Amino acid sequence: MKNIKKYRLIAQIIFLIITASALFLNFEVGLLLLTVLTILSGVFYCGWMCPFGFIQDVFSKLGRKIGIKKRKVPMVLHRILIFVRYIIFALVLFMAADIIFAILSFDPRVAFSQLLLGNVSKVGALLTIICFALLSMFFDRPFCNYFCYEGAKYGLMSIFRVFTIKRNESNCIGCKKCDNVCPMNIAVSKCNNLRSAQCINCFECVNVCPVDDTLKFGTIKMNKKEKKIYIALAIAVVLFSSSFMLYNIFNDDSLAKTQFTKQSDEKVSEETESPSEISVSEQDDEDGNNLTVNEETADNNWEQQPSETNIIPEDENISYGDAAGIADGVYTGEGKGFKGTTVVEVTVKDQKIAKIEIISNQDDEKWFERAKNIILDKIIEEQSTDVDLVSGATYSSIGIRDAVIDALNNAK
């Protein structure tokens, strides 16, 4: 375990590169694996994977290198401040007020991740990144300790973990080096099984302990009652994982069947409306004059200029909405939501927006679904992207709207 600092540093650099390169696995599968890991063995994400956590560690080490004395928040104040991140998490979870998301738009963790992905953050968000990075030179992980609602979520999930850092009380010499080095201000010297929701599994305490086998990572000591709780928890995790996998498989099969049916219907439609079965004899122009069109001319126009039937003059576009002048087809666009990129496919038929499908998004499901269920219907109903945003899901609404705008621009 003495080499754990090196392994952790390597892991942090790897995950930083992965984030910067946007080489993510399937988001849902990755989230499921992270959830199971957190429930069973604690918050490895914050200590090993979070890019902004890594940046705080880098500036903390930089502060030591240039001689800045590391400070500790007084324990009385610390015990009060640690609840702030849980309050923020509760507000995000249970409230849908725009002001909450306006505040969270300055979240340095999210802003830094967006920078790594190539998205330019707002000036305010950049300033918060710089502010917490500089604070890290004086205090260990200030943002993680008191303001990160994502860390609060993972911390609560890890309270009943099976694997954790254990302290052998008979070996402990009471030097309290573990307490002093802990970046999350946990009194490790008073724990037998370290199950604090604040713990990020950085293993700094294990690395600094002067007595071998006093602190080590392993299965917690459990009595009969605790064993029953953990067995029930393990069964719940397995059932959840299985249900998740079956749900994805079922959805994939359903999607494939839907696409096959759609393609079959389109093929039948094309066959029944083929040029050879259409007879054009007479039609009136805009002034009411009778025009005669023979079948041969109609067939030639069909074959040589198929796109002209889907295009109207520039001065008539206003009556057709945002899809005016766009040929039938499916077009892809991207927009920036609260946490990242939203991708949509827009189906245009007869110069109208016929369908909008969400391909991917990175926002929290609760808020994104709220925006999606309203914004998509509004755009299709009004045939315009100039629609009101959904209160409480403003940023997700903007991401969806801008993705549709981008798709239509790509089509034009």
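Descriptive notes on the structure:
- Scanning region 64-79 for residues that are surrounded by 12 or more Cβ atoms within 10 Å (Cβ to Cβ) and of a type in the set (A, V, I, L, M, F, W, C) yields I68, V73.
- None of S360, S319, S384, S307 is at pLDDT 75 or above, over 30 Å from V92 (Cα atoms), exposed (fewer than 15 other Cβ atoms within 10 Å of the Cβ) and of a type in the set (S, T, N, Q) except S384.
- Among the conditions (1) modelled with pLDDT under 90; (2) buried (at least 17 other Cβ atoms within 10 Å of the Cβ), the only one that I129 does not satisfy is (1).
- Hey, I99 modelled with pLDDT of 90 or more, of a type in the set (A, V, I, L, M, F, W, C), part of a helix (DSSP H, G or I) and under 24 Å from the mean Cα position of the chain (by Cα) or not: no
- The requirement of being in a loop (DSSP other than H, G, I, E, B) and under 33 Å from the mean Cα position of the chain (by Cα) is fulfilled somewhere in region 162-179, by at least one residue.
- Of the residues S189, S170, S136, the single one that is assigned by TED's automatic domain parsing to the domain that holds C46, in contact with a Cys (Cβ under 7 Å, 6 or more places away or on another chain) and among the small types (G, A, S) is S189.
- Selection status of F203, assigned by TED's automatic domain parsing to the domain that holds V58, at positive phi and more than 24 Å from the chain's Cα centre (by Cα): yes
- Leading residue by the ranking (farthest from the chain's Cα centre (by Cα)) among those in region 387-412 that are surrounded by fewer than 20 Cβ atoms within 10 Å (Cβ to Cβ) and assigned to a loop (DSSP other than H, G, I, E, B): K412
- All conditions in (1) over 15 Å from the mean Cα position of the chain (by Cα); (2) in a loop (DSSP other than H, G, I, E, B) hold for V346, with the sole exception of (2).
- Screening region 180-211 for residues that are part of a loop (DSSP other than H, G, I, E, B) and among the β-branched types (V, I, T) and picking the one that is farthest from K228 (Cα to Cα) gives V211.
- A single entry from M222, M184 fulfils the requirement of being without any contact (Cβ under 8 Å) to a residue 60 or more places away in the chain and in contact with a Phe, Trp or Tyr (Cβ under 8 Å, 6 or more places away or on another chain): M222.
- Within region 382-403, the set of residues being among the acidic types (D, E), over 18 Å from E334 (Cβ atoms) and in contact with a Gly (Cβ under 8 Å, 6 or more places away or on another chain) comprises E382 only.
- Tally, over region 165-184, of residues that are over 13 Å from T214 (Cβ atoms) and surrounded by 21 or more Cβ atoms within 10 Å (Cβ to Cβ): 3
The values are calculated or read from the model by the stated rules, or taken from the named source; none is laboratory data. Values in this document were obtained by computation on a predicted structure and should not be read as measured data. Cβ sites come from the backbone with ideal geometry, for glycine too, and all protein chains shown count toward neighbours.
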